[in-house]
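S.K.: Pasting a structure below so you can have a look.
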Amino acid sequence: MCRRNERSVSTSLNNPSRAVATLLVIVGSALVGLHLTPTPLRVRGVTGQRTTCVQCGWGPEPVWSSLSVASIADASSGLKAITIEPPEETSDGFAVGGQYVQIREPGAEKAGFFAIASAPGVKPFEFLIKEQPASDWSPGTGWLTGASAGASLEMSQAMGGGFKVADKLDGVSKVLLFAAGSGISPLRSTIESGVLKEKEVMLFYGAQTPEQMAYMDKFEEWEALGVKVTPVISKPEGKSWTGATGYVQDVAKEAGAITDADSTVALLCGMKGMAEGVKEMCVSAGMDEAMVITNF
């Protein structure tokens, strides 16, 4: 009997008492900094004549293209803005904000999963990538965030369904966006795709410090697209910050963002704690949980 679980991965396969040592539950993640093996991972155990199998995967097999870094620049403290020119077939497969690709060093076994930050139809692809060290189960991102333009890499086709929001916008007058850190990537893609036009849109974007907040130079552009941007800093101590502080869900609640729960949809992307907090806030305000949407 073989089970497939697309949201779990074993990280301690050498320990027979912990065949599946870690269960990862990633809610609304930008996928930036998440690193798994690019092919399904199988763990087998035999008791007498009975064989069991746990298979872990993340959708279709990647189809690798040999490419290179087009440009790389600082986006904020700890975050890099990296562009990659995709092949035509990959570009054609990117149709919805929130989709992602896998990227790895040439020939490497492990790859990182990264949300595309630019809008569908825009080339080159842009990514917002957090600088992370390597670990026992992850190659880290240093090989990429420390690279220069022209550095070789391998990238998969566009993957995932992204923010499946188009069919939920009928009857919706307000769209709330929640992001933390590099989780702004797929929301930027969604904003700039134009799918939210003619809706009242409010973005609550959190970072620990102003120095860690990316895309501040785009806030005016997003406002021009009809998005009310509320940046939120969780650690303002010692900073000359006069804006909102705390957590995005608390700031949204205090602002009375949900005025008509039945005509509101929320898109979110960030760490698990933030995602759970946003969902709890939305549901407690009367929203249907099905209208609180992640990008996978």
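S.K.: Being under 20 Å from the mean Cα position of the chain (by Cα), in the same structural domain as residue 192 (by TED's automatic domain parsing) and at pLDDT 95 or above is true for just one of 274, 287, 281. Which residue is that? Give the derivation first.
M.R.: Working: 287 fails: under 20 Å from the mean Cα position of the chain (by Cα); 281 fails: under 20 Å from the mean Cα position of the chain (by Cα).
On inspection, the qualifying residue turns out to be 274.
S.K.: Taking strands (runs of 3 or more DSSP E) that do not extend beyond region 52-134, which have at least 3 residues that are among the aliphatic types (A, V, I, L, M)? Steps first, answer last, please.
M.R.: Working: elements: 65-76, 79-84, 100-104, 111-115, 125-130.
Output list reads 65-76, 79-84.
S.K.: Something else about it: With the requirement that a residue be assigned to a strand (DSSP E or B), among the hydrophobic types (A, V, I, L, M, F, W, C), under 27 Å from residue 240 (Cβ atoms) and touching a strand residue (DSSP E or B) at 6+ places or on another chain (Cβ under 6 Å), what does region 179-214 give you? First the steps, then the outcome.
M.R.: Filtering region 179-214 for residues assigned to a strand (DSSP E or B) gives 179-180, 200-207.
Okay, now just the ones that are also among the hydrophobic types (A, V, I, L, M, F, W, C), so 179-180, 201-204, 207.
Next, from what is left, pick out any that are under 27 Å from residue 240 (Cβ atoms): 179-180, 202-204, 207.
Scanning region 179-214 gives 179, 180, 202, 203, 204.
S.K.: Against the condition in a loop (DSSP other than H, G, I, E, B), closer than 25 Å to residue 121 by Cβ and out of contact with any Pro (no Cβ under 8 Å at 6 or more places or on another chain), how does residue 170 come out, does it pass?
M.R.: Numbers: in a loop (DSSP other than H, G, I, E, B): yes; closer than 25 Å to residue 121 by Cβ: yes; out of contact with any Pro (no Cβ under 8 Å at 6 or more places or on another chain): yes.
Judged against the criteria, residue 170 is a match.
Residue by residue, here is whether (1) surrounded by 20 or more Cβ atoms within 10 Å (Cβ to Cβ); (2) under 20 Å from residue 143 (Cβ atoms) holds:
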residue: 79; (1), (2): yes, yes
residue: 95; (1), (2): no, no
residue: 107; (1), (2): no, yes
residue: 114; (1), (2): yes, yes
residue: 121; (1), (2): no, no
residue: 127; (1), (2): yes, yes
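S.K.: Can I ask one more? As an exercise: evaluate residue 192 against (1) without any contact (Cβ under 8 Å) to a residue 40 or more places away in the chain; (2) under 22 Å from residue 83 (Cβ atoms); (3) charged (D, E, K, R) and give the number of the one condition it does not meet.
M.R.: Among (1) without any contact (Cβ under 8 Å) to a residue 40 or more places away in the chain; (2) under 22 Å from residue 83 (Cβ atoms); (3) charged (D, E, K, R), the lone unmet condition for residue 192 is (1).
S.K.: Of these, 175, 229, which one is assigned to a strand (DSSP E or B), surrounded by fewer than 21 Cβ atoms within 10 Å (Cβ to Cβ) and modelled with pLDDT of 95 or more?
M.R.: Details: 175 fails: surrounded by fewer than 21 Cβ atoms within 10 Å (Cβ to Cβ).
Only one candidate passes the filter, namely 229.
Okay, residues lined up against (1) touching a residue at least 12 places away in the same chain (Cβ under 8 Å); (2) under 22 Å from the mean Cα position of the chain (by Cα):
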| site | (1), (2) |
| --- | --- |
| 224 | no, no |
| 229 | yes, yes |
| 238 | no, no |
| 244 | yes, no |
| 253 | yes, no |
| 258 | yes, no |
| 263 | yes, no |
| 266 | yes, yes |
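The values are calculated or read from the model by the stated rules, or taken from the named source; none is laboratory data. What you see is a predicted model, and the numbers here were worked out from it, not measured in a lab. So basically every Cβ, Gly included, is an ideal-geometry build from the backbone, and we count neighbours across all protein chains shown.
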